[in-house]
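The values are calculated or read from the model by the stated rules, or taken from the named source; none is laboratory data. All of these numbers come straight from a predicted model, not from anything done at the bench. Cβ atoms come from the backbone with ideal geometry, glycine included; neighbour counts cover every protein chain shown. All accessible areas refer to the heavy atoms of the entire protein, side chains included, with ligands and DNA or RNA removed. Shrake-Rupley method; radii C 1.70, N 1.55, O 1.52, S 1.80 Å.
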Amino acid sequence: MTREMTGAEMVVQALIDQGVEHIFGYPGGAVLPIYDELFQQDKVQHILVRHEQGAGHAAEGYARSTGKVGVALVTSGPGATNMVTPLTDALMDSIPMVCITGQVPTHLIGNDAFQECDTVGITRPCTKHNWLVKRIEDLPRILHEAFRIAETGRPGPVVVDIPKDIQFKSGLYENLKGARQTQYQPRVEGDERAMREAVRLMAGAKKPILYTGGGVINSGPEATRLLRELVELTGFPITSTLMGLGAYPATGKNWLGMLGMHGTYEANLAMHDCDVMVCIGARFDDRITGRTDAFSPNSKKIHIDIDPSSINKNIRVDVPIIGDVARVLAAMVAMWKEAKPVRDAAAHAAWWGEIDRWRAKKCLAYRKNRDVIMPQYAIERLYQLTRKHDTYITTEVGQHQMWAAQYFGFDEPNRWLTSGGLGTMGYGLPAALGVQIAHPDSLVIDIAGDASVQMTIQELSSAVQYEAPIKIFILNNQYMGMVRQWQQLLHGNRLSHSYTEAMPDFVKLAEAYGGVGIRADRPDELDDKIEEMIAVRKPVLFDCRVASLANCFPMIPSGKAHNEMLLGEEVSDDDIGQAIGAEGKMLV
Amino acid sequence: MNAMTTPGQSHSAYFLDDAPKTTERHTLSVLVDNEPGVLARVIGLFSGRGYNIDSLTVSETEHEKHLSRITIVTTGTPMVITQIKNQLDRMVPVHRVIDLTVSGPALERELALIKVRGTGEMRVEALRLAEAFNARVMDATTESFIFEITGKGDKIDQFVTIMVPLGLVEVSRTGVAAIRRGPERT
């Protein structure tokens with residue numbers, strides 16, 4: 001079935017054929033024909049943001065909370081360059097996103113025309129793939145292939161750059177959804193022998209651990225179900241990266257909490273002392289491993305990943321399994337059931353005994369305060385008071401992000417959206433907008449810091465426009481808290497430019513945008529104020545005034561191993577000043 | 001200044017155990033769709049991730065399928081070489097990555113054009129050595145030659161070194177082209 005239409009019509013038709021219901025964007029000269037087509041239909045709803053970066057993060061939030069591809073539409077030049085941050089963010093966190101950019105007409109390309117930039121050149125290293133469409137005949141094929149590549153294999157962002165004259169040109173359109181247009185087809189089934197070897201190692205393990213990541217969530221609900229079944233079958237303890245929270249429930253009995261730089265004591269010690277490690281959909285990132293030469297020295301390592309380039313990149317593993325998490329887990333669960341291995345019960349009991357002793361350290365304990373709201377306390381209360389709601393949490397980047405990961409429990413996947421790889425301050429607010437558009441009746445909260453939130457605060461205006469009742473819960477300590485913490489750790493507590501002297505009045509700011517502002521100063525009023533926030537069906541800026549100099553613990557200082565953690569309760573300011581050695585100071 | 005910088009010692013971003021490891025030289029043959037930007041993608045991968053390119057050649061080799069062959073000579077630790085292959089292999093326009101250094105015996109050739117200027121005894125000596133190296137004279141004036149030489153890279157290196165005292169002016173090299181020996185496809 002082919003039909004004659006213009007390039008701009010093809011763009012909208014392809015979105016409809018791909019089942020896209022919402023796109024996030026900002027108009028401009030080089031995309032006007034596409035905006036004209038959007039105006040004349042009602043199948044695809046366009047959400048107007050206030051800055052292109054907001055469109056990108058909103059599309060990411062939409063994608064991550066639904067499992068579908070997020071779509072952004074921006075103009076040439078500055079529209080495209082403003083998308084660079086969200087594209088890089090989506091690449092680092094493996095978020096499927098299609099970004100359509102306008103371009104100056106083909107005869108002006110290379111001419112330094114108004115609002116021209118080399119979009120495919122600039123976005124080449126921050127996309128999974130990108131295209132400049134120079135012929136109308138190529139457009140239908142590229143549009144549909146863009147969606148296929150974004151969601152196939154390890155998901156990621158793609159850019160389709162369409163010159164304005166191509167948008168006006170007529171050509172034949174065909175719905176090519178799902179039809180493979182290039183040879184790109186990553187392997188999804190795991191290697192049988194490798195999987196058998198993995199099951200054999202797991203069956204003989206005395207001190208096993210499952211270490212899971214965002215790949216489990218990207219693989220879909222079936223992967224989560226199988227992971228939980230695997231934990232049930234094996235009885236193994238399980239920890240997860242920041243990106244993988246929610247795949248195994250935080251209320252589950254085998255849960256050790258998050259691992260890594262700000263992970264729990266029990267998770268990191270178990271990683272260090274284990275004899276068999278099963279890494280599922282994670283990539284041995286530097287935030288996870290600490291110093292690599294001291295990383296889990298005595299374990300056999302099994303690594304399941306869909307991307308072969310993740311294997312042996314940072315840490316050498318013994319059994320690599322390349323494939324989709326859901327497919328591999330399905331096969332391994334079946335193998336385990338078939339083999340019915342007899343586990344060494346005494347060794348397992350001893351291992352859990354060791355874990356319980358680490359748990360008894362209560363590494364997340366903090367000094368309670370009656371007069372000042374402790375940031376950890378604020379997150380704990382937010383968690384408790386939102387448990388009966390259908391809640392999604394996004395974050396910005398910094399201390400509040402780590403506290404959210406530590407003190408907010410996630411029992412389901414796709415409920416936790418955070419910028420893990422790139423660490424983008426300003427991610428959370430527009431991401432929350434994207435989540436709320438996809439889930440209009442859910443409670444969507446951006447746990448924010450006072451510094452991060454100001455990077456994309458303008459999207460509050462978009463939230464008001466679309467009646468998206470997002471809640472922005474700011475842990476306001478007047479500092480760039482994580483920067484200040486590192487200055488204390490590394491630079492003799494010289495707080496160079498990490499204090500914000502001129503803080504806006506967030507309550508008035510909320511009102512100026514047409515939202516609701518709420519402020520909490522004292523611990524005894526916090527619960528009521530949070531309840532008030534939840535009850536409002538409007539965007540809310542919640543200014544939660546917290547202790548200004550709290551540090552985020554536990555922490556593995558840079559250049560240290562998992563068993564050299566700093567625990568919050570027992571460190572003095574002196575310890576903090578000397579925690580990181582000369583070599584560690586070179587690291588980020 | 002505090003003790004954090006040690007002169008003459010470099011630190012990679014995340015690895016503290018950066019003791020020198022043995023590096024290997026590998027020749028990779030990469031079959032790609034001949035589409036705009038494909039070479040930029042490959043080069044960008046190498047520069048962006050800090051891999052070495054010792055030699056790189058590219059040309060369309062199968063016109064009807066729009067396929068190009070990129071031949072890359074690179075050096076790195078075994079772990080880095082594996083990374084390079086995997087990173088190349090996951091790119092959308094890349095069809096196949098073949099490591100000719102491990103996939104069996106392979107043939108490697110490079111072509112160079114070498115300009116030498118001189119008169120009298122020097123000129124005669126240059127010509128005599130060129131014959132010994134099987135280099136052909138492609139252009140000559142009363143005071144210069146341009147030689148064409150093909151062979152392995154180290155043979156060309158050797159010839160160039162010998163020409164330096166005999167009046168070497170400049171060199172143009174194609175980079176390495178490589179293919180698997182025997183009847184099978186590379």
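Can you tell me, using C-alpha contacts under 8 Å and at least 6 residues apart, the relative contact order of the range B:24-99 as a whole percent? It would help to have the intermediate numbers written out before the result.
Details: 126 pairs, mean separation 35.2, N = 76.
46 percent.
Rounded to 0.05, the FRET efficiency of the residue A:232 and residue A:340 pair, given R0 = 22 Å and the Cβ-Cβ distance, is 0.95.
Residue-wise HN-Hα couplings along the range A:2-13, as the Karplus relation 6.51 cos²θ - 1.76 cosθ + 1.60 with θ = phi - 60° gives them from phi, are 10, 8, 7, 7, 7, x, 5, 5, 4, 4, 5, 4 Hz; Gly and Pro carry x.
Top mean-square fluctuation among B:101, B:161, B:150, Gaussian network model of chain B, C-alpha springs under 10 Å? Comparing B:101, B:161, B:150 in the GNM, the peak value goes to B:161. With R₀ set to 45 Å, the beta-carbon distance separating residue A:538 from residue A:36 gives a calculated FRET efficiency near 0.90. The stretch between residue A:2 and residue A:572, if pulled fully straight at 0.36 nm per residue, gains 198.0 nm over its current Cα-Cα span.
Size of the dipole of chain A about the Cα centre, Lys and Arg at +1 and Asp and Glu at -1 on the beta carbon, nothing else charged, in debye to 20?
On the way: 59 positive and 71 negative charges, 274 e Å.
Rounded to the nearest 20 debye, it is 1320 debye.
Residues whose amide H lies under 5 Å from that of residue B:95, counting only those 5 or more places away or on a different chain, are B:31, B:32, B:33; hydrogens are built 1.01 Å from N in the peptide plane. Per residue, chain A exposes 37 Å² of solvent-accessible protein surface, assessed with a 1.4 angstrom probe and all protein chains in place. In the range A:3-41, which residues have a backbone nitrogen under 14 Å from the label point lying 7 Å from residue A:181's Cα in the Cα-to-Cβ direction? Those under the cut-off are A:7-8, A:10-18. For residue A:23, nonlocal amide neighbours, meaning residues 5 or more places apart or on other chains whose placed amide H falls under 5 Å from its own, are A:45, A:46, A:47. Between residue B:24 and residue A:170, what FRET efficiency comes out of the Förster formula 1/(1 + (r/R0)^6) with R0 = 51 Å and r the beta carbon distance, rounded to 0.05? Given R0 = 51 Å and the Cβ-Cβ separation, E is 0.40.
Report which residues of the range A:549-588 become buried by 20 Å² or more of accessible surface when going from the isolated chain to the complete set of protein chains (1.4 Å probe; DNA, RNA and ligands ignored). Those residues are A:582, A:583, A:585, A:586, A:587, A:588. Carbon-plus-sulfur accessible fraction, the range A:375-545 (probe radius 1.4 Å, protein heavy atoms only): 48%. A loss of 40 Å² or more of accessible area (1.4 Å probe, protein heavy atoms, ligands and nucleic acids excluded) relative to the isolated chain is seen in these residues of the range A:104-137: A:124, A:129.
Projecting the Cα positions of A:31, A:15, A:231 onto the charge dipole of the protein assembly as shown (unit charges on Cβ atoms of Lys, Arg, Asp and Glu, taken about the Cα centre) puts A:231 furthest along the positive direction.
Each part gets one Cα centre, and for the range A:108-181 versus the range A:336-402 those centres are 44 Å apart. A simple rule links phi to the HN-Hα coupling: the Karplus curve 6.51 cos²θ - 1.76 cosθ + 1.60 with θ = phi - 60°, which for the range B:152-168 gives 6, x, 6, 5, 5, 3, 5, 4, 4, 4, 5, 6, 3, x, 9, x, 4 Hz, with x for Gly and Pro. The modelled label-to-label distance between residue A:108 and residue A:494, using points 7 Å beyond Cα along the C-beta direction, is 4.9 nm. Remark: the range A:147-293 carries a charge dipole of roughly 180 debye about the Cα centre, counting +1 on each Lys and Arg Cβ and -1 on each Asp and Glu Cβ. Heavy-atom accessible area buried between chains B and A is around 2500 Å² (1.4 Å probe, both sides summed). Average accessible surface for chain B: 56 Å² per residue, computed with a 1.4 Å probe over protein heavy atoms with every protein chain in place. So which residues of the range A:253-297 lose at least 10 Å² of accessible area, probe 1.4 Å, when you go from the chain by itself to every protein chain present? SASA drop of 10 Å² or more in the range A:253-297: A:286, A:291, A:292, A:293. Tally up the carbon and sulfur contribution to the accessible surface of the range A:192-359 as a whole percent, 1.4 Å probe, everything protein left in place. Whole-percent figure for carbon plus sulfur exposure: 52.
Return the carbon/sulfur percentage of the accessible area of the range B:24-99, one whole number, probe 1.4 Å, all protein chains in place. Before the final figure, lay out each step's value.
Numbers: 1640 of 3190 Å².
Solvent-exposed carbon and sulfur of the range B:24-99 make up 52 percent of the total.
Each label point was placed 7 Å from the Cα along the Cα-to-Cβ direction; for residue B:66 and residue B:132 their separation is 5.1 nm.
Once you charge only the Cβ atoms, +1 for Lys and Arg and -1 for Asp and Glu, what is the size of the charge dipole of the range B:107-180 about its Cα centre, to the nearest 20 debye? Show your work: numbers first, answer last.
Working: 10 positive and 11 negative charges, 41 e Å.
Taking the Cα centre of the range B:107-180 as origin, the dipole is about 200 debye.
Within the range A:2-174, antiparallel bridges make up roughly 20 percent of the DSSP beta bridges whose residues both belong there.
How fast does the range A:2-174 diffuse by Stokes-Einstein, in µm²/s, taking the Kirkwood radius from C-alpha pairs at 10 °C and 1.306 mPa s? Walk me through the numbers on the way to the answer.
Details: Rh = 15.4 Å.
D = 103 µm²/s.
Given the peptides A:224-232, A:114-122, A:90-98, arrange them by the average over their residues of other C-beta atoms within 10 Å, most packed first. Could the numbers behind the result be given before it?
Numbers: A:224-232: 19.3, A:114-122: 17.8, A:90-98: 26.2.
Listed from highest to lowest mean packing, they are A:90-98, A:224-232, A:114-122.
The Cα atoms of the protein assembly as shown define a convex hull whose projected area, averaged across directions, is 39.4 nm². Think of the range A:446-588 as having a plus end and a minus end, set by charges on the Cβ of Lys, Arg, Asp and Glu; of A:523, A:553, A:468, A:468 sits farthest toward the positive end of this dipole. Here the 3J(HN,Hα) profile of the range A:400-406, calculated from phi with Karplus coefficients 6.51, -1.76 and 1.60 at θ = phi - 60°, is 4, 5, 5, 4, 4, 5, 7 Hz, Gly and Pro shown as x. Put simply, the amide H of residue A:97, placed in the peptide plane, has neighbours under 5 Å in A:70, A:156, A:158, leaving out anything fewer than 5 places away on its chain.
Relative to the longest principal axis of the Cα atoms of chain B, the long axis of helix B:120-132 makes an angle of roughly 60 degrees.
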